[in-house]
1. Which condition from (1) exposed (fewer than 14 other Cβ atoms within 10 Å of the Cβ); (2) of a type in the set (D, E, K, R); (3) in a strand (DSSP E or B) is the one that Glu44 breaks?
2. Cβ-Cβ distance below 9 Å, separation of 6 or more or different chains: which pairs start in segment 69-81 with a residue that is without any contact (Cβ under 8 Å) to a residue 24 or more places away in the chain and end on one that is of a type outside the set (S, T, N, Q) and surrounded by fewer than 16 Cβ atoms within 10 Å (Cβ to Cβ)?
3. Please go through segment 1-36 and give me each residue that is over 22 Å from His109 (Cα atoms) and not in a strand (DSSP E or B), ordered by number.
4. Does Gln116 satisfy being assigned to a loop (DSSP other than H, G, I, E, B) and either open to solvent by 20 Å² or more (accessible area, probe 1.4 Å) or modelled with pLDDT of 95 or more (or both)?
5. Kindly provide the set of residues from segment 15-37 that are modelled with pLDDT of 95 or more, small (Gly, Ala, Ser) and surrounded by fewer than 24 Cβ atoms within 10 Å (Cβ to Cβ), ordered by number.
Amino acid sequence: QVQLVESGGGLVQAGGSLRLSCAASGRTLHNYNMGWFRQAPGNEREFVATISWSGGSTYYADSVKDRFTISRDNAKNTVYLQMNSLKPEDTAAYYCAARSSFLLSRYQHEYAYWGQGTHVTVSS
């Protein structure tokens with residue numbers, strides 16, 4: 001079992017930055033690909049970014065490409081999402097998830113472990 005806890009959410013003005021963290025316990029994240037997803041009020045949860053177990057490969061949703069950066073520190077069992085140039089449409093609950101596979105995926109059903117989420121609100 002992997003337990004994931006997100007932190008770092010909050011209220012920020014448009015154009016600002018936030019860094020989300022996802023701390024894992026129970027098992028080392030070294031063997032897991034990790035993903036970030038988000039769910040805005042009234043919308044379905046959507047893919048944001050994913051990173052391979054080594055950190056060597058990443059993949060982003062078009063809506064966040066060039067603004068968000070996913071990274072990981074396996075020694076700290078933590079995954080990060082640096083969010084820059086935030087827009088009001090980035091307002092959502094952000095979730096991290098773990099997938100026991102060497103293949104990157106943007107599909108929620110392929111992730112076995114999920115955190116409880118952290119809320120990000122971007123004001124205009």
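1. Here Glu44 clears every test but (3).
2. Taking only residues 6 or more apart or on different chains, the pairs are Ser71/Gly55; Asp73/Gly55.
3. Gly8, Gly9, Ala14, Gly15, Gly16, Ser17
4. Working: assigned to a loop (DSSP other than H, G, I, E, B): yes; either open to solvent by 20 Å² or more (accessible area, probe 1.4 Å) or modelled with pLDDT of 95 or more (or both): yes.
Criteria met by Gln116.
5. Within segment 15-37, Gly15, Gly16, Ser17, Ser21, Ala23 qualify.
The values are calculated or read from the model by the stated rules, or taken from the named source; none is laboratory data. All figures in this text were calculated on a predicted structure; none of them were measured in a lab. Note: ideal-geometry Cβ built from the backbone for every residue, glycine included; neighbour counts use all protein chains shown. Protein only, heavy atoms only, side chains kept; ligands, DNA and RNA dropped before computing areas. Shrake-Rupley method; radii C 1.70, N 1.55, O 1.52, S 1.80 Å.
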